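Below is one structure, written out as structure tokens; the observations come after it.
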Amino acid sequence: MVVRLLPALLRTLCAAGCLALVVLFPGALPSTGQSVSFGVVAGANIATVSPEPDLSTGFRTTVAAGGGMLVDLPGPVDLQQEVLFSQKGTAVTETFGQVNYTASYIEFPLQLRVALPSVWRLDLFATGGGSFGLKAFENQSSGSTLELQLPDEGSFFERTDASAVVGFGATFDEGPSPLSVFVRYMHGLREVSQGRTDVGPDIEENPFRDNPFPESAKTRTVTLGLMIGL
């Protein structure tokens, strides 16, 4: 069922992402002599948070999907903007098991895309810029070796995230639509943990005593992805 619904879900995310791009970034629409293309962005996130000495913070494999817009600028540099549903988080492992912490964001990467020399039929490119994320929801789950009563309420992640973004990719432009693969690193710049003492009582009574969410955390995410139409 999930496999059958995936193409429709990607089309919906792409349409919503492209509409949001037009609404949020109207100044990026092409003027005379420029062109714009829209497409689908999908991939897998390998996510964690900045390490804390007293905790064993590991990686979570999550998803990223949405829509993108590529604005053709004069010269070798273009403007790439996206709206993504992107999941981040970490896994905290201690003696008695593992707790997975996941936050799902609506994320807005804005990058410059620089054309590199082509190799065979592949057009290489590098990207760099920044991203802003708004948390949509979050959840916690226990690992297979740990059974815990998970809380119905409570929040471990701040409402927003901001990251610096760098990436590298290759485009095959011989078919009906450009097809690109890319790898991207997002380095979180702001504190996302609500465990700091100045935030309030939400996290003071952590239900996971042996596997607490870090009191200090910044997101670290590697995305392996695919773009169609960009």
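The values are calculated or read from the model by the stated rules, or taken from the named source; none is laboratory data. All values derive from a computational prediction rather than experimental measurement. Counting neighbours? That spans all protein chains shown, and the Cβs are built from the backbone with ideal geometry, glycine included. Quick note on the areas: whole protein, heavy atoms, side chains included, nothing else; ligands and nucleic acids left out. Shrake-Rupley method; radii C 1.70, N 1.55, O 1.52, S 1.80 Å.
Inside the range 83-96, residues that are modelled with pLDDT under 95, open to solvent by 10 Å² or more (accessible area, probe 1.4 Å) and outside any loop (DSSP other than H, G, I, E, B) make up a count of 2. Do we find that GLY129 is open to solvent by less than 30 Å² (accessible area, probe 1.4 Å) and either out of contact with any Gly (no Cβ under 8 Å at 6 or more places or on another chain) or outside any strand (DSSP E or B) (or both) in this structure? When the stated conditions are applied, GLY129 does not pass them. Just so you know, in the range 166-194 the residues that are of a type in the set (D, E, K, R) and either more than 20 Å from ALA126 (Cβ to Cβ) or assigned to a strand (DSSP E or B) (or both) include one that is modelled with the highest pLDDT, and it is ARG184.
Looking across the range 42-70, the residues that are under 16 Å from GLY167 (Cα atoms) and either within 16 Å of the chain's Cα centre (by Cα) or assigned to a loop (DSSP other than H, G, I, E, B) (or both) come down to ALA42, GLY43, ALA44, ASN45, ILE46, ALA47, ALA64, GLY68. List the pairs whose first member sits in the range 61-82 and is surrounded by 20 or more Cβ atoms within 10 Å (Cβ to Cβ), whose second member is outside any strand (DSSP E or B) and of a type in the set (D, E, K, R), and whose Cβ atoms are under 7 Å apart, counting only residues at least 6 apart or on separate chains? That search, which allows pairs on different chains as well, returns ASP78/ASP72.
Those residues that are under 15 Å from ALA65 (Cα atoms) and open to solvent by 20 Å² or more (accessible area, probe 1.4 Å), I need them from the range 34-49; list them, please. Correct list: PHE38, VAL40, ALA42, GLY43, ALA44, ILE46.
Have a look at LEU73, LEU112, LEU79 and point out the one that is outside any strand (DSSP E or B) and touching a strand residue (DSSP E or B) at 6+ places or on another chain (Cβ under 7 Å). Give the derivation first.
Details: LEU112 fails: outside any strand (DSSP E or B); LEU79 fails: outside any strand (DSSP E or B).
After applying the criteria, what remains is LEU73.
Filtering the range 195-214 to residues that are modelled with pLDDT of 55 or more and either among the polar types (S, T, N, Q) or crowded, with 17+ Cβ neighbours inside 10 Å (or both) leaves GLY195, ASN206, PHE208, ASN211, PRO212, PHE213, PRO214.
Within the range 136-155, being crowded, with 16+ Cβ neighbours inside 10 Å and either over 22 Å from the mean Cα position of the chain (by Cα) or modelled with pLDDT of 95 or more (or both) holds for SER142, GLY143, LEU146, LEU148.
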